[in-house]
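Some notes on the structure that comes next.
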Amino acid sequence: MRLYIKLKYLRGEVPSQYNYYLQSAFYNKMPQVLSQTIHDKGFEQGPRRFKLFTFSKLMGDFQRKDTTLVFKSDVSLSFSSPVDFVVISLAKEIMDKPHFRVGKGEFLVDSVKLSEPKVDEGVFYTLSPVTVYKHVQGIRYISPYEPDFQHSISLNAERKLMSLKRDKPTTPLRVITLEAENVSVSYKNNTISAWRGKFKLSGPLSLIKIVYEAGLGSKNSQGFGMIEKEGVTVRE
C-alpha cells in the first residue's frame, strides 16, 4: 500500500542531507507502539530484520542555503509498505496531526491519498536512490552495472517476502539497468553510495510487488529504493 502526501511549506530550513530527519518524522507520526515495534524488532527472516517501509525524496522547488534547503513551493512526498496496517495507521496520524517537521523545516499537510496500485512487469524510475552492498572487508557498494547487482536485489526481495511468511518463488527477480546516476547520501555521518535512474523489472509478480511496496535494494527505511512505474507522476 502506498501513501501520497502533499505538504505546504511554512517556514524553516531543511538539512540538505535530510534522510535521517525525514525517517524520524515518519517514526514520530506513527502510533508509538507501532513505531517502537518496527524500529526495535521489524520483520524477521532468519538472522535478518526488515523494517518493510520506504519513502521518497522531498519533491518540490527549493533554494540551497549553505548546507540547508529552503523550499519555494508545495512539496510532494510518498511513503510505502507491504504491511497495510502501517500505512493506514500513519495516514490517520498525519491527518489528525497535520503539522510535519523535517529538521527545522515546517510543513502543513495539505492532502493525503491512500492507494494500492496494481503493479506488474515494466520500467520503473526511482523516487529515492537505490543502494546495494555486501560485506567484503567492510562495506562495498555494488554498481547497477555489475553482475552481482541483480543477484543481490533478487535475494534481498526474496528475504523480504519470506519475512512476511510468504513462499519463496521458484524463479528470481530480473533487473535490467536502463539509466543510472551515482549519488552520495549522508545518513548519520555515514556516506552511502546509491543510484538514481530507471530499471526494467520482470519475473514473479510477488517479488515485483514486494520491491515496489517495501523498496528496491537495501536501507529502504533510511530513504532508499522507492520506485514508481514509468508514466505515473507523483509530483503535482
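For the structure I just gave you, tell me whether Thr191 is β-branched (Val, Ile, Thr) and within 24 Å of Tyr21 (Cβ to Cβ).
Working: β-branched (Val, Ile, Thr): yes; within 24 Å of Tyr21 (Cβ to Cβ): yes.
The answer is yes for Thr191.
Sort through Phe224, Phe199 and tell me the only one that's assigned to a loop (DSSP other than H, G, I, E, B), at pLDDT 95 or above and surrounded by 15 or more Cβ atoms within 10 Å (Cβ to Cβ).
Working: Phe199 fails: assigned to a loop (DSSP other than H, G, I, E, B).
Checking each option against the conditions leaves just Phe224.
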(request) Scan the range 184-210 and report the pairs whose first residue is free of Cβ contacts under 8 Å to residues at least 24 places away in the same chain and whose second residue is not β-branched (Val, Ile, Thr), with Cβ atoms within less than 9 Å and a gap of 6+ or a chain change. (result) Ser184/Ser193; Ser184/Ala194; Thr191/Ser184
(request) Filter the range 7-37 down to residues that are under 15 Å from the mean Cα position of the chain (by Cα) and of a type in the set (A, V, I, L, M) and give me whichever is farthest from Ser89 (Cα to Cα). (result) Leu22
(message) For the range 82-125, which positions are under 17 Å from the mean Cα position of the chain (by Cα), surrounded by fewer than 15 Cβ atoms within 10 Å (Cβ to Cβ) and hydroxyl-bearing (Ser, Thr, Tyr)?
(response) Ser115
(request) Looking only at the range 152-174, decide whether some residue is out of contact with any helix residue (DSSP H, G or I) (no Cβ under 7 Å at 6 or more places or on another chain), in the same structural domain as Lys219 (by TED's automatic domain parsing), charged (D, E, K, R) and closer than 22 Å to Lys57 by Cβ. (result) no
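Tell me, yes or no, whether the range 200-209 has at least one residue that is closer than 16 Å to Arg166 by Cβ, hydrophobic (A, V, I, L, M, F, W, C) and in contact with a helix residue (DSSP H, G or I) (Cβ under 9 Å, 6 or more places away or on another chain).
Here is the first cut: in the range 200-209, the ones closer than 16 Å to Arg166 by Cβ are 203-209.
Retained after the next criterion (residues that are hydrophobic (A, V, I, L, M, F, W, C)): 205, 207-208.
Of the ones still in play, those that are also in contact with a helix residue (DSSP H, G or I) (Cβ under 9 Å, 6 or more places away or on another chain) are 207-208.
Yes, the conditions are met somewhere in the range 200-209.
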(request) Could you tell me which residue of the range 42-69 is surrounded by the most Cβ atoms within 10 Å (Cβ to Cβ), considering only residues that are within 18 Å of Tyr9 (Cα to Cα) and more than 16 Å from the chain's Cα centre (by Cα)? (result) Leu69
(request) Please state which one of Leu10, Leu69, Leu22 is out of contact with any helix residue (DSSP H, G or I) (no Cβ under 6 Å at 6 or more places or on another chain) and farther than 23 Å from Thr126 by Cβ. (result) Leu10
(request) Could you please find all residues in the range 25-36 being touching a helix residue (DSSP H, G or I) at 6+ places or on another chain (Cβ under 6 Å) and within 28 Å of Ser184 (Cβ to Cβ)? (result) Tyr27, Lys29
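Would you check if there is a residue in the range 204-217 being among the aromatic types (Phe, Trp, Tyr), in a loop (DSSP other than H, G, I, E, B) and surrounded by 17 or more Cβ atoms within 10 Å (Cβ to Cβ)?
Step one: of the range 204-217, the residues among the aromatic types (Phe, Trp, Tyr) are 212.
Next cut, in a loop (DSSP other than H, G, I, E, B) only: none.
Looking through the range 204-217, none of the residues is among the aromatic types (Phe, Trp, Tyr), in a loop (DSSP other than H, G, I, E, B) and surrounded by 17 or more Cβ atoms within 10 Å (Cβ to Cβ).
The values are calculated or read from the model by the stated rules, or taken from the named source; none is laboratory data. Everything quoted here is computed from the prediction, not taken from an experiment. Virtual Cβ from ideal backbone geometry, glycine too; neighbours counted across all protein chains shown.
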